[in-house]
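One structure is given here, and the rest of the page talks about it.
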Amino acid sequence: MIKRDLVIVGGGPAGLAAAISAYENGIKDILLLERDQYLGGLLNQCIHTGFGIEYFKEVLTGPEYADRFIRKIKNITSIEISLRSFVVRLEKDKTLTYLKPGGLFTVRPRALIMATGCREKTREMVHIPGTRPAGIFSAGLAQKLINIEGLLPGKEVVIIGSGDIGLIMARRFTLEGAEVKGIIEIQPTTRGLLRNVVQCVEDFGIPIYFNHKVLRIHGSDRVEKVSVAKVDEKMNEIAGTEFDIECDTVLVSVGLIPENELIEMAGVIIDKRTNSPVSTEVNKTSVPGIFVCGNSYKVYDYVDSVTVDSQLAGKMAAEYIKGLD
Amino acid sequence: MNLYDIAIIGGGVVGTAIARELSRYRLTIVLFEKEAEVAFGVSKSNSGIIHPGTQNPPASLKGKLCVQGNILTRRLARELAVDFKEAGELIVAFSEEEAGRLIQLKKDAEALGVPRLKIVDKKWLRKNEPNLSGEAIAALYAPTAGIISPYRWVYDLAENAIQNGAEIRTGLEVKKILAKKPRFEIVTQKGAFGARFVINAAGLYADDVSAMSGIKNFKIKPRKGEEFLLDKKLEGLTKHLLFPLPSNISKGILVTRTSDGNPMIGPTAEDVDDKTDLSTTSEGFRKVLEGAHKLVPSINENDVIAYFAGLRPVAGEDFIIRHEDEAPGFINVAGIQSPGLTAAPAIALMVAGILRDHGLLLKKKAVFRKHRKKEYHLFAIPIAKTKKLIKKDASYGDIVCRCEMVSAKEVREAIARGATTMDGIKFRTRAQAGRCHGSFCTTRLMKILAQETGLSRLAVTKRGKGSELVKTGRVSD
Ligand SMILES: Cc1cc2nc3c(=O)[nH]c(=O)nc-3n(C[C@H](O)[C@H](O)[C@H](O)COP(=O)(O)OP(=O)(O)OC[C@H]3O[C@@H](n4cnc5c(N)ncnc54)[C@H](O)[C@@H]3O)c2cc1C
């Protein structure tokens, strides 16, 4: 068992900001664990602009934004970064078990910052009936396929939900030559940012159907079409309004949930509805010394605010550790 | 033309159990499966219960084979290193009238030979099944009910049959069967094969296959069952498999669990016309929730993380397992509805008997490899064991699937053992089967699959031709 002052789980914008801030607040023995093979987290696949307007007063892409922090952290030699390191267990006393190609390690930090981000809600979580053919993707997976892998998932796309990733992907698919046949949103308004509605949807003439829901997904091997209907205030379909949209791809963009299964394992109290830690103060959890920041604390609209709150998490953890001496 | 002693049509649990059983004899065996992999038919979407034999009519063939199958499955699972967990089932009564029916159920089951049955009272239930509804007043307890992973079961039966010389040809659909005495000519889209005996284990399509050899004395009617899986966080929700009292056409809505620990609720029972209709419906969801709530009131619809539908191949009340005298050498194994997963090893023995009765010499091979080397699943082993495995092979520490803790090593091994599709990887390893449904691991899995098979990533499919994941790529592959 290795002992550390501070372990940070997650090398996205939250983990990077927290680590740097903890260092700047006097903590010198820091280990940062990232399960992917690179730092930056989800920002790597967000190649559109709109990042950093608040924090840097500049318009950056996701990778550019991440890069500023990655450069900085790489210059701090006392922060050890361990990539491809996958935490599988967390105990009450903060002992972490993680796997890496070639090894299994346990480490016990005096304080722990979890910056594990969030995941997308799935089609299953919102119970969309129908078949389960190829061609159904979370919007984030489609983004990764196009922007990182260079693969185009489909040519005729229907997007369920108007979350930001869905809106951004509407534009992305269009730019790649695919046809986005509609965005289906059950609410009367979008849940995404207004600027995304304008720049990603309206500017491209993509139809957006508010107060509509997807009743069924059809297709046996590959998606063939979706059935859609208008809904009333209670979200129930209105008889006679049903219509079909033919498509080969369905993107699901129905919201994000904080990823907190690990701290739940350690007995941190989690709000069942939001999957966020129950908390009296930003970044704090019910277990002293376990902090959560960024999208695993709550889902933020802007990465700039993630950075600011995560810097605070780094400071809080530093103070906590100093208080133990 | 290749000639075989035996041709089996259908790579579900029935076909592969028969292939494995017959592979102990000096016979040449070929099995045809039209899908990209075995287990992609009915056998992939069911409750995974190894039934004890309760709830079957006393004189039925399916009842008899179910009781035998329950015993045989345990032994076979040990030989093939497949997880079989004895969970025990409770058939729960909610009224005095229902409690009265338990006595008859017990008698019927005992007549079939179901062992160790017991009627338990409210006090017993409170103590041994705390999350069961307080309205329950008694239950029939059958301790021999078990659970198994249905697809891994089929994969492992197939793998062991292959080890013992059987040929399994996937992606080959039987289109025609010609009687060219003394043998059959079996025509597929990739040429014809000759065989002395043909065993029809084609599941939902057994009537079509039977008709190919002129036997049209039954029809398969699909009966749909929708099932819903709950988050693994709720592992341990119930200790036993919970059943309501059975109706005429099904065992009702159950609260069970998968062999990997997810609680599962369902299935519905709805007669449908379309043999490919695997859609789930909102009515089905409502019915299942209602039924499940009756047994376990604490179940919440927000805990549902996955769902699927399966079709039971129904041909009347009972299984049809017989030699067709009008087409000598042709054996039908049809209408294998529930409890077909349980009965499969007993069906295989019965088929061997039919072959013997019709003049096939069953001579044991000098060497029969009855054991299969176990693969490891990190999610199922203690951390200490994981540590040892990583020492031996570093890629056990290379985690691919975040929700289910699946390593690159397990994925490669699944491919080496026959997975050719994303679903095949999922069924074997659980990668993509967790709460994020593959959002995290899909791209990595595609790469590994492409590397290991030499395919382009554009050719990677969900479950065979026509289900390619992506349409085009900018990259050179
Ligand atoms: C919802 C549900 C729940 C169930 N629960 C249970 C349970 O808990 N316990 C239990 O014991 N049983 C259960 N069953 C029943 C069990 O799943 C089936 O009895 C069993 O899987 C049938 O296996 P099979 O091999 O006959 O069919 P299949 O698995 O369908 O195999 C037949 C194969 O033949 C192939 N095929 C068809 N035509 C051709 C052709 N022309 N050429 C080549 N290949 C062909 C098909 O592609 C298919 O793979 C359940 C069934 C359902 C639907």
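Annotations
- Chain A: antiparallel DSSP beta bridges as a percent of all, rounded to 5: 45 percent
- Rounded to the nearest 100, the interface formed by chains A and B buries 4200 square angstrom of accessible surface, both chains summed, with a 1.4 Å probe.
- Placing +1 on the Cβ of every Lys and Arg and -1 on the Cβ of every Asp and Glu, with nothing else charged, gives the protein assembly as shown a dipole about its Cα centre of roughly 3160 debye.
- Highest-fluctuation residue, A:53, A:183, A:290 considered, GNM on chain A with Cα pairs under 10 Å: A:53
- Shape category assigned to the range A:122-252 from the gyration tensor of Cα positions, a/c cut at 1.5: oblate
- Mean partner shielding of peptide A:146-159, defined as the number of other chain Cβ atoms within 10 Å of each residue Cβ, is 4.
- Calculated P(r) of the range B:378-459 - Cα pairs past 22 Å, %: 20 percent
- Cβ-defined net charge surrounding residue B:466, 15 Å radius [Lys, Arg +1; Asp, Glu -1]: -1
- Counting Cβ atoms of other protein chains within 10 Å of each residue's Cβ and taking the mean over peptide A:216-227 gives 3.
- Trypsin sites (Lys or Arg not before Pro) within the range A:240-325, DSSP loop, no more than 11 other Cβ atoms inside 10 Å: A:272, A:273
- Mean per-residue shielding of peptide A:127-139 is 6, counting Cβ atoms of other chains within 10 Å of each Cβ.
- Accessible surface, 1.4 Å probe, highest first, among residues B:273, B:318, A:93: B:273, A:93, B:318
- Selection from B:461, A:215, B:360, by position along the positive dipole direction of the protein assembly as shown (Cβ): B:360
- 3J(HN,Hα) couplings calculated from phi for the range A:160-176 with the Karplus curve 6.51 cos²θ - 1.76 cosθ + 1.60 (θ = phi - 60°) are, in sequence order, 9, x, 10, x, 4, 5, x, 4, 5, 6, 4, 5, 4, 4, 4, 5, 7 Hz; Gly and Pro show x.
- Per residue accessible area in Å² of the range B:226-333, where ligands, DNA and RNA are left out and the probe is 1.4 Å: 39 Å²
- Residue A:280 contributes an accessible area of around 140 Å² to the protein surface, as traced by a 1.4 Å probe with all chains present.
- Among beta bridges from DSSP that stay inside chain B, the antiparallel ones total about 70%.
- Ordering A:178, A:227, A:267 by the projection of their Cα atoms onto the charge dipole of the range A:173-299, which places +1 on the Cβ of Lys and Arg and -1 on the Cβ of Asp and Glu, puts A:267 at the extreme positive end.
- Nonlocal amide H pairs with residue A:269, under 5 Å, H built at 1.01 Å: A:278, A:286, A:287
- Cα shape, chain B, gyration tensor, a/c 1.5 rule: oblate
- Charge dipole (the range A:222-325, unit charges on Cβ, about Cα centre) - positive-most of A:306, A:241, A:282: A:282
- Euclidean distance between Cα centres, the range A:1-72 to the range B:116-194, Å: 49 Å
- Note on surface exposure: A:96, B:105 rank B:105, A:96 by accessible area, highest first, 1.4 Å probe.
- The range B:330-386 and the range B:1-20 have Cα centres lying 12 Å from one another.
- Whole-number accessible area per residue in Å² for the range B:378-459, which is evaluated in the context of all protein chains at 1.4 Å: 35 Å²
- Surface accessible to a 1.4 Å probe, per residue, for the residues of the range A:122-252, Å²: 38 Å²
- For the range A:122-252, DSSP calls about 40 percent of its internal beta bridges antiparallel.
- Taking all Cα pairs closer than 8 Å and separated by 6 or more residues, the relative contact order of the range A:1-106 comes to 27 percent.
- For the range B:378-459, the Cβ-based charge dipole about the Cα centre amounts to some 260 debye (Lys, Arg positive; Asp, Glu negative; other atoms uncharged).
- The average projected area of the protein assembly as shown, computed from the convex hull of its Cα atoms over all directions, is 35.9 nm².
- With θ taken as phi - 60° and the Karplus curve 6.51 cos²θ - 1.76 cosθ + 1.60 applied, the whole-hertz 3J(HN,Hα) list for the range B:347-360 is 4, 4, 5, 5, 5, 4, x, 4, 4, 4, 4, 9, x, 8 Hz, x standing for glycine and proline.
- With DNA, RNA and ligands ignored, accessible area of residue A:265 (1.4 Å probe; Å², nearest 10): 100 Å²
- Solvent exposure of residue B:223, expressed as accessible area, is near 30 Å², computed with a probe of 1.4 Å over the protein chains only.
- Vicinal HN-Hα couplings computed from phi for the range A:13-30 (Karplus, 6.51 cos²θ - 1.76 cosθ + 1.60; Hz; Gly/Pro x): x, 5, x, 5, 5, 5, 5, 4, 5, 4, 4, 5, 9, x, 8, 10, 10, 10
- Cβ-isolated cysteines (cut-off 4.7 Å), chain B: B:66, B:403, B:436
- In this structure, the amide hydrogen of residue A:4, modeled 1.01 Å from its nitrogen in the peptide plane, lies closer than 5 angstrom to those of A:108, A:110, counting only residues at least 5 positions away or on a different chain.
- Of all accessible heavy-atom area on the protein assembly as shown, the percent that carbon and sulfur account for (1.4 Å): 51 percent
- Relative to one another, the C-alpha centroids of the range A:224-298 and the range B:29-50 are positioned 35 Å apart.
- Placed amide H near residue B:460: partners under 5 Å, 5+ positions off or other chain: B:469
- Taking A:40, A:294, A:102 in turn, the Gaussian network model of chain A (Cα-Cα springs below 10 Å) assigns the largest fluctuation to A:102.
- Given charges at beta-carbon only (K, R positive; D, E negative), |dipole| of chain B in Debye: 1860 debye
- Within-14-Å neighbourhood charge of residue A:143 [Cβ basis; K, R +1; D, E -1]: 0
The values are calculated or read from the model by the stated rules, or taken from the named source; none is laboratory data. Keep in mind it's a predicted model, so treat the numbers as computed, not measured. Every residue, glycine as well, gets a Cβ built from its backbone with ideal geometry; the counts of neighbours run over all protein chains shown. The area values use the complete protein model at the heavy-atom level, side chains included, leaving out ligands, DNA and RNA. Shrake-Rupley method; radii C 1.70, N 1.55, O 1.52, S 1.80 Å.
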